[in-house]
Amino acid sequence: MFVLAELKDTVRIAPDQFSVKLVDAIRDEIDRKLANKVLLNVGLCIALKDIVSLQDSIILPGDGASHTAVVFRYIVFRPKVGTVMTGKIRSCSREGVHVTLGFFDDILIPQAALQHPSRFDEAEQAWVWEYPLEDGAKHDLFMDVGEPIKFRVSREIFEETSPVGPPKTESQSTQGPSTSTAAATAAQEIKTPYKIIGAINESGLGVLSWWDQQGKEDDQENEDNTEYDNDEDGEGACEE
């Protein structure tokens, strides 16, 4: 789930930080730039692990800051495909079930990856697994917000979110004075740099309370069978 990524960067240290030890100033600057940020095809940056190497610092003409080439290792959140994880249901929509890990929210379990058959309940705004019973009836198992859920990572999606240019101004727009700018802004806001696609359509996955309840019922059934066997043994002993 967490991996170490070796990265390279040239770190700029402003003159007002020259009183701080160079390594400490570089650590602070790297964390400021990367912590809680998504790097394309790398993952979500969590924290600096260590600094592998530092080159000599240089001061460029016209800039009083120092520039240091650094190789470092950073702790990154990027679960492998196939990893089983536990999160909480953040919300449900017709698109699927949205899951959060607390520090990472962009997890989607799409409709096709839910248990079959499932339906979306508009009134409850929740997905419902129509669990088949032995007598042919169905028992509704709801996927409520806040419920712990276990899922398998099936895919990851990275998207480039760097701005491609300023939005068109009113004078440049040919489709209307404000429509183009609003559309460009909305498109940038919708983009998610890193998204995980999950699946729960296999035994043992899904809302944890489903399987906990089933385990309790199995344990109760085993206890009842054990008590019945003991009663039979006791009756035989009395007859002798």
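The values are calculated or read from the model by the stated rules, or taken from the named source; none is laboratory data. Remember, it's a predicted structure, so these values are computed and weren't measured experimentally. We place every Cβ from the backbone using ideal geometry, glycine too, and count neighbours over all the protein chains shown. With ligands, DNA and RNA removed, areas are computed over all heavy atoms of the protein, side chains included. Shrake-Rupley method; radii C 1.70, N 1.55, O 1.52, S 1.80 Å.
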message: Tell me the accessible surface of T10 in square angstrom (1.4 angstrom probe, heavy atoms of protein chains only), to the nearest ten.
response: 80
- prompt: For the range 90-170, what is the accessible area per residue in Å², given a 1.4 Å probe and the full set of protein chains?
  reply: 60
task: Pairs of Cα atoms under 8 Å, at least six residues apart: use those to get the relative contact order of the range 2-77, whole percent.
output: 45
statement: Once Lys and Arg are counted +1 and Asp and Glu -1 for all other residues with Cβ under 10 Å from that of E159, the total becomes +1
- prompt: Of K138/K195; K150/K191; K21/K80, which ones are farther than 31 Å apart at the Cα?
  reply: K138/K195; K21/K80
message: Give the residue list of chymotrypsin sites (Phe, Trp or Tyr not before Pro) in the range 1-74 that are DSSP loop and have at most 14 other beta-carbon atoms within 10 angstrom.
response: F18
- prompt: Near S203, within a Cβ-to-Cβ distance under 13 Å, what is the net charge of the other residues, with Lys and Arg +1 and Asp and Glu -1?
  reply: +1
query: Counting only protein heavy atoms and using a 1.4 Å probe, what share of the accessible area of the range 2-77 belongs to carbon plus sulfur, as a whole percent?
result: 53
